[in-house]
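Here the structure is laid out as structure tokens; the discussion comes afterwards.
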């Protein structure tokens, strides 16, 4: 009996606790409803404000359009007035020229002349005088002015000729200095590369010798360059007479010589050692490591010796037909 009472008491306590929770949840629900209601009112206000702003913007745009039309009309009127002004100025210029040609008067001094009493008699007299002047023959009364203008132009052209001759001399001197500097720099760089080329060739081939030669030493800027190489056990000959592998190795030696004098931060090599035998591939790979402090190399290759010397190897595989996948592997 006591156990049942205790159980009933516990149920009542739980009921009361649940009732409190229900009341709390209902209060939260009411707060949420109130917030939603207030949010709806704010949304309505914002919509009304937006509608007012849109209406005001439309009104402003209409006003701007009206002003733009007025501006275009004013521009059109100004353009017409400019055309009319130009026309009047041309006509005025023609009248002034005619006054000078016919009567040798200008607008400034025409007021000093008295209007003739008998215009008809005066016109006849003017025509008679013109005929008499014409009978005198052709007289160039503007020859003095023409001489002055021609003399001024001649002096101006002489000054221009002197300026051009001076500029030409300066340009020729500058070109000569540039050519001299280019020859000096080319000779210096060529000798340095030639020296490094011989050293790298010996290190790669394990002996022999190689050098670069100019085909025209008198005109080094337009001269061709020949490569002569002598691998160990062979005679000195032009690079084009070497075998395919020897040509490739000689070209690699020249590349390394150039990198010695002018290291590049990044270099891409696309199967340059493909023609080498296995022994020379390993020599190439070992020598390539000497440049990795200053230059990062991206080498495209299928030779095992080169791959073994790499820090990181990237390859393409096709696990599924038609689907390529990139794989990478760090070796160092």
How high is the FRET efficiency from residue 217 to residue 255, r the C-beta distance, R0 35 Å, rounded to 0.05? 0.90
Max mean-square fluctuation residue, GNM over the chain, Cα-Cα springs under 10 Å, options 260, 148, 15: 15
Assign one of three labels to the chain, namely rounded, prolate or oblate, based on the Cα gyration tensor with a ≥ b ≥ c the square roots of its eigenvalues; rounded applies when a/c is under 1.5, prolate when it is not and a/b is larger than b/c, and oblate otherwise. oblate
How much length, in nm to one decimal, is gained on full extension between residue 118 and residue 53, taken as 0.36 nm per residue of separation minus their Cα-Cα distance? 15.4 nm
Assuming R0 = 35 Å, can you tell me the calculated FRET efficiency for the pair residue 104 and residue 153, based on Cβ-Cβ distance, to the nearest 0.05? 0.85
Helical mean residue ellipticity (222 nm; -39500 (n - 2.57) per DSSP H run of 4+; nearest 500) of the chain: -24000 deg cm²/dmol
For segment 264-332, what log10 I(q)/I(0) values come out of the Debye formula at q = 0.20, 0.23 1/Å, with one point per alpha carbon and no solvent? -0.87, -1.06
Quick calc: nm separation of the 7 Å Cα→Cβ label points for residue 319 and residue 33 -> 5.9
Most mobile of 194, 23, 97 per a Gaussian network model of the chain (Cα springs, under 10 Å)? 23
Working out 0.36 nm times the residue gap between residue 24 and residue 144, then minus their Cα-Cα distance, what length gain in nm do you get to one decimal? 31.6 nm
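Bear in mind that the values in this text are calculations on the coordinates, not laboratory data. Please read all numbers here as calculations on a predicted model, not as lab measurements. Neighbour counts run over all protein chains shown; Cβ positions are idealised from the backbone, glycine included.
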